[in-house]
Amino acid sequence: MADQHAHSGGDKRPTEVPALRWEEPPEGPVLVLLDQTRLPAEEVELVCTDAPALVEAIRSLSVRGAPLLGIAGAYGVALAAVRGYDVDGAAAELRSARPTAVNLAVGVHRAHSAHQAVLARTGDPRQAAGAALAAARQLHREDAEASVRMAEHGLALLEELLPGGGHRILTHCNTGSLVSGGEGTAFAVALAAHRTGRLRRLWVDETRPLLQGARLTAYEAARSGMAYTLLTDNAAGSLFAAGEVDAVLVGADRIAADGSVANKVGSYPLAVLARYHHVPFIVVAPVTTVDLRTPDGASIEVEQRPGHEVTEVTAPQAPVAGAEAGGGIPVAPLGTQAYNPAFDVTPPELVTAIVTEEGTVSPVTTEALAELCARSRQVTIS
Ligand SMILES: CSC[C@@H](O)[C@@H](O)C(=O)COP(=O)(O)O
């Protein structure tokens, strides 16, 4: 079950309203999510008391972004365990709530395997629930630490590729504190460049159809005080042609063993543009996003979203009265079919570098990614 309440401080910085937190009120533990579908219009929190509510929040993108999905999945397993629900069933439902971001499966696995191990050893469900919660908290902390290290490595890479600063960086989708236990992935690098005076401008792709760039990245950029400009996704080409982009920074939802990168749909065209215009295309992601069990890009399952997300426009306010299937305003003739993949896959040859908390891989090869994973203390799905 999910309850919701509006946050009192509408002008607080995003870091003061965490994307997600675990709370233990007298009525019992809950997972509190900042509902990202309502941003930037209002800060509304969703209070989940069970895994089905969290599954619904994941599917509707109230909670989203690869690293945060992993953290949420882990807490979801813990929530089922501490409240005495079916933990195996909750883990299965959570794992399959969205298919592309491997971090979700990794997070669920971390908490679920911790639960199973303690249950097998002690036979005590309370101890097992404690282990699941400890695993979720640990993942949450590790993600915050990974953010810091990704920002450091990313900043060093920018300095190497573009000495002297004055960077004009183009980004796509949303990769900041709203998707992370810390300051995020690609956005954390842009933020580090901003704080050190090296960022001249952040170009923010609006990210059709759900506008994660316009609604969420612009929200984070505005609050950080950095210079940013919003553009429609299809304006990126003319921006490159005008010589206005020095680097592209994006996150990732799954990186296959061959270095293919699944990220928000629209990333691949940016990589093609970047190559044509001799601009570095840099992917920033925690090691948990590298999935050595998926051999190549063609093997990555790409989530297909409902057509109404394309045939209607929605704003992050209350649903419009009399609206169509998705609650938005129809912009295409009724009955129009839509192609709406949530992600696309960029082949490794178009990726200049992959920046992780363990360091940077460039050129992107299977061997370098395998070595990175071996070095990492992160647990991936076995
Ligand atoms: C650090 S976030 C990397 C990706 O998860 C992000 O770019 C993205 O594609 C998110 O997609 P979303 O569908 O909003 O969950």
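The values are calculated or read from the model by the stated rules, or taken from the named source; none is laboratory data. What you are looking at is a predicted structure, and each value in this text was computed from that prediction instead of being measured. Quick reminder, even Gly has a Cβ in these numbers, built from the backbone with ideal geometry, and neighbours come from all protein chains shown. Surface accessibility is based on the protein's heavy atoms, side chains included, excluding ligands, DNA and RNA. Shrake-Rupley method; radii C 1.70, N 1.55, O 1.52, S 1.80 Å.
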*Would you list the membrane-span-like helices of the chain, meaning whole DSSP H runs whose alpha-carbon atoms span at least 20 Å along their axis and whose mean Kyte-Doolittle value is at least 1.0?*
66-82
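Could you work out the helix-only [θ] at 222 nm for the chain, with each DSSP H run of four or more residues adding -39,500 (n - 2.57) and the total divided by the number of residues, to the nearest 500 deg cm²/dmol?
-11500 deg cm²/dmol, from helical runs alone.
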*Label point distance in nm, residue 227-residue 375, each placed 7 Å from Cα along Cα→Cβ*: 3.5
*Would you work out what percent of the accessible area of segment 18-141, with all protein chains in place, is carbon or sulfur (probe 1.4 Å)?*
52
_Residue-normalised accessible area of the chain, expressed per residue, 1.4 Å probe, Å²_ = 40
*In nanometres, what is the gap between the two model label sites at residue 298 and residue 148, each 7 Å from Cα along Cα-to-Cβ?*
4.4
_Cα-derived Rg over Rh, computed across segment 122-191 with Rh taken as Kirkwood radius_ = 1.24
*With labels modelled as points extended 7 Å from the Cα through the Cβ direction, what inter-label distance (nm, one decimal) is found for residue 60 paired with residue 276?*
4.0
_Geometric extent, Cα atoms of the chain - Rg, Dmax (angstrom)_ = 20.1, 65
*Got a number for carbon plus sulfur as a percent of segment 238-298's accessible area, 1.4 Å probe?*
56
*Grab the Cα-Cα distance for residue 21 and residue 134, subtract it from 0.36 nm times how many residues apart they are, and report the gain in nm with one decimal.*
39.3 nm
*For segment 18-141, would you read off the P(r) tail past 18 Å as a percentage of all alpha carbon pairs?*
45
*Mind checking Rg over Rh on segment 106-260, alpha carbons, Kirkwood formula for Rh?*
1.11
*asked:* Need the full-extension length gain, residue 117 to residue 41, defined as separation in residues times 0.36 nm minus the C-alpha distance. One decimal, nm.
replied: 23.0 nm
